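All remarks here apply to the structure that follows.
Derivation of every value follows stated rules applied to the coordinates shown; laboratory data play no part. Remember, predicted model here, so these are calculated numbers, not experimental data. Every residue, glycine as well, gets a Cβ built from its backbone with ideal geometry; the counts of neighbours run over all protein chains shown.
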Amino acid sequence: MPIDSKDVTWVEEPEMGFWESSFLPAIVDGLKTTLKHVIKYEPTTQQYPEEKPELPQNYRGVHRLNRDEKGRVKCVACFLCATACPARCIYITAAPAPKTEEWVDRDKYPAKFDIDELRCIGCGMCEEACPVDAIEMTSLYDLTGMSRAEMLFDREKLLSVYDKTINSGKDPARTTRGRLGPASTMVTPEVIAGSSDEKRVPVQAVPEPGSGGH
Amino acid sequence: MHPLLITLLTIGGVLGGTLGACSYLIYIERKLAAFIQDRVGPNRVGPFGLLQPIADGLKFLLKEDVIPAHVDKFLFILSPAISVFTTLLAFSVVPFGAASKDGIFPWIIAPQVDLGIVFIFAVSSLAVYGVILGGWASNNKYSALGSLRASAQVISYEIPLGMSVLGIALLGGTLNLEEVIKVQATGLAGWNFWYQPLACLIFFIAALAESNRLPFDLSECEQELIGGYHTEYGALKFALFFLAEYTHVITISFLTVILYFGGWHFPWFATAASNYAGAEFVKFGVLLFKVLSVIILIMFIRWTIPRFRFDQLMGLAWKVLIPLATANVVLTMVVREFDLNRWWLTVGSFVLFLTAGFLAIDPLGRSRATKRRRPAAAVPVAGGHHAH
Ligand code: SF4
Ligand code: SF4
């Protein structure tokens, strides 16, 4: 539908006066501004390798895979992050949890968990999606590598990022939410006994909307 | 010493001087740009980044010299060479000190060229061939667009450039750059700037446009043309284009100083009469100082003024500079013909400037309402489609 002509406001470019059309005062003004910057020289640059930047807590740097309170990988291999990832750079191979004493409260775990950091666009969708806050992004920003293979972070590397950053003060585990749900509670209630203040999420239910943020 | 030897020495000195000066001018420009933009600028190589130009030069030398498969190889290699060659050649008639035949050192490569100014314009406008050929040989639409713009621009600005200098030729009765300085070396009031302020302005603007520098760098704008004519160039060939641009800046700064600001002349200690020991060097220093000031001004302008749109650029040349320069020539002729006091030229220049300004306000006295109003019905599309 065309706009009604009475709704259209025409803005004319302002008429130029004598000095404006000679351009000179504007040029002198501009030169004054630039000169002022040269004379009152206050660089705002950060000298990077010597000065490190102060990053906000929600900076989206290198990923890490969090550990649970037993030191195992917290991820339950639900594939939500891999599904949410717009860059499709998370590759997970799920496996039934080993039938050992250590894994007795878990059904499933990621046998392989790779993130291609080169394809990652740093959007943070993965950590938003994760129902157990297993995947988080840290404030490590200087991610470098000599080869493509090196930038494909596997599970152990992601866990080591956790070990490196968890006590650095900059990257606290962001929530305490996401302990394993009642399905495992039935097996070993004492595991989650320490978190009775937590809202327990039934295993089948999706996390309530908005709870993924921090 | 044999004159040929001296000439060769001078050429060597000038070449080394300008090339070295170029690289450090780039350093100065980068620092200045950084200061203007509240940055630090090059500061990694050497103290205060002073070795940066050398590192850059090395980088240019050692980089792989790519010649894309789709280019016209001969012209592709030729064009940067033309650019540098012509800009350097223009320098041969520019005196860089108080040139004289009897001194040991001539302070100029080709002394007493009576067509000095014409020679410079002739040669340095050849430099546009470097740009045109470069863009054409690159076989790339952006480059071709850039070089088309460059040719239109340089040809347009050649006219006000030549016109503005005519006044000086009329005043001094010579086109020889050494003579032009001597004519002015009568005192502070002898500088041509006082009699040709308008011409000086026009010359400066046109010369900036000739050297393809911002605010007139339409032929190589990063944003729309991705470098324009030198999109396809890398390594040393790109460096040559860069060098040509900076040499051009040096040349036009020398010309501005020599034509309008008395060259090596400065009252009290660098006059035509001063012949104390080392006077030649003082004059050299004075000239260099003036030139450096002009160069710094050019750099400031570059980092201050945004680029012109192409129609504005052409409009500036054809609607403003050329008529003004012509009027200025006529004014000078009148003053010379009737032997009026020279200061009438100053008055006349200002009158011309004011007239031009008032004409520009509203040339035909059209009222604001009728000027650009479009009928509202001509907007059939809703949304932001008519935004431009
Ligand atoms: S940050 Fe975004 S792109 Fe990177 S792994 Fe997570 S979801 Fe994928
Ligand atoms: S969303 Fe969390 S729990 Fe699910 S696979 Fe990804 S990291 Fe593991």
Fill in: Binned Cα-Cα distances of the protein assembly as shown, short to long, each 10 Å bin given as a whole percent
3, 12, 17, 17, 14, 12, 10, 7, 4, 2, 1, 0
Item to complete: Pop a pseudo-label 7 angstrom from the Cα along the beta-carbon direction at both residue B:139 and residue B:174 and give the gap in nm to one decimal.
Response: 5.2
Worksheet, complete the sentence: Computed ³J(HN,Hα) along the range A:160-171: with the Karplus parameters 6.51/-1.76/1.60, θ = phi - 60°, integer Hz and x for glycine or proline, the list is 5, 5, 4, 4, 6, 9, 5, 9, 6, x, 8, 10
Fill in: lysines whose Cα lies under 17 Å from that of residue A:108, excluding same-chain neighbours fewer than 8 positions away
A:70, A:74, A:99
Practice prompt. Name the aspartates and glutamates eligible as straight-distance cross-link partners of residue B:59: C-alpha to C-alpha under 20 Å, and not fewer than 8 places from it in the same chain.
Written response: B:29, B:232, B:245
Worksheet item: Residue farthest toward the positive end of the dipole of the protein assembly as shown, with Cβ of Lys/Arg at +1 and Asp/Glu at -1: which of A:122, A:22, B:125?
Response: A:22
Fill in: Unit charges on C-beta of K, R, D, E only; dipole of chain B, Debye
1140
Worksheet item: Using a Cα distance threshold of under 18 Å, what count of lysine pairs results for the range B:68-362 when pairs must be 8 or more residues apart or interchain?
Response: 6
Discussion item. Under a crude label model (7 Å from the Cα following the beta-carbon direction), how far is residue B:330 from residue A:143 in nanometres?
Written reply: 7.0
Practice prompt. Calculate the all-directions average of the projected area of the range B:1-62's alpha-carbon convex hull, and give it in nm².
Written response: 5.7
Response to the item:
Spelling it out for residue A:113: with amide H atoms placed in the peptide plane at 1.01 Å from N, the residues 5 or more places away or on another chain with amide H under 5 Å from its amide H are A:93, A:155
Worksheet item: Any idea what log10 I(q)/I(0) is at q = 0.07, 0.11 Å⁻¹ for chain B, Debye with uniform C-alpha scatterers and no solvent?
Response: -0.37, -0.88
Worksheet item: Each label point is 7 Å from the Cα along the Cα-to-Cβ direction; what then is the distance between the points at residue B:343 and residue A:72, in nm?
Response: 10.0
Worksheet entry | Which of B:246, B:327, B:350, positive extreme of dipole for the range B:200-357 (C-beta unit charges) | B:350
Item to complete: Please give the length that would be gained between residue B:186 and residue B:5 if that part of the chain were fully extended, namely 0.36 nm times their separation in residues minus their C-alpha to C-alpha distance (nm, one decimal).
Response: 61.8 nm
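So, R0 is 45 Å and r is the distance between the beta-carbons of residue A:51 and residue B:274; what FRET efficiency does that work out to, to 0.05?
0.25
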Item to complete: Enumerate the residues in the range B:102-140 having an amide nitrogen under 20 Å from the point lying 7 Å beyond the Cα of residue B:70 toward its Cβ.
Response: B:132-140
